[in-house]
């Protein structure tokens, strides 16, 4: 028996040991995650920005690209909430990135009913995005590693990149110039890859079909996700907390499907792009 098989056997024994507590009707757990997205800034401003200006922009982007979340989960349901933090001095009035004037709310998953609900505020309007759970065709691997005290195993999948995901946008190639000479920085970020490779690490020691954000579907809680430029890593787990929280499906906002919401976002972004283009690029190089 090789080392990987020994580790797997030990993990399965732990999983069986913990199964009794997980099988109880009122079981609940909390997992704390840190999410970080990186952005290639080498060509921001057409490559004309100073290092000082790049640093200023990076500082303003930090609150949008580095976030903390709490996943509260049971055997069949979970709610994924962002931990609200106070902005650091001089960051509160900074630029808003990601989905521009968009604020993601609670994300609810029900693996039994295959339901996904998410509250989102976009340009001052509240939406409730309702969809079936996205299914990834996970390929389970034998590679393993420890995350904290939990033995985790690797799984990979290919995710179709739909909708508007700032973290996955690509810079224009330096040789590809916009046809319109008045094009602004919003034109620099143009191309969304059609597919994204997702790498996840899950632990059979916590045998629930849950994970951070939209990710789920593995034989154990997902503790780490790497998808393109975004990494989500679990930093703390509390099983059966003394004070349990009701896992309640969000209900605020205009109910729309995922595709309908994506269309609304794209149309608004196109409207914003045309508005900036009409200004002749003013405000782009400060």
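Structure notes:
- Pairs with Cβ under 7 Å, 6+ apart, first in segment 241-257 and farther than 21 Å from residue 111 by Cβ, second assigned to a loop (DSSP other than H, G, I, E, B) and at pLDDT below 90: none
- Subset of segment 135-160 (residues that are surrounded by fewer than 16 Cβ atoms within 10 Å (Cβ to Cβ), touching a residue at least 12 places away in the same chain (Cβ under 8 Å) and not in a strand (DSSP E or B)): 135, 137, 148
- In summary, strands (runs of 3 or more DSSP E) completely within segment 209-280 and bearing 2 or more residues that are at pLDDT 90 or above and loosely packed, with under 15 Cβ neighbours inside 10 Å occur at 230-239, 254-257.
The values are calculated or read from the model by the stated rules, or taken from the named source; none is laboratory data. Bear in mind the structure is a predicted one, so any value in this text is a computation, not a measurement. All Cβ positions, glycine included, derive from the backbone under ideal geometry; neighbour counts span all protein chains shown.
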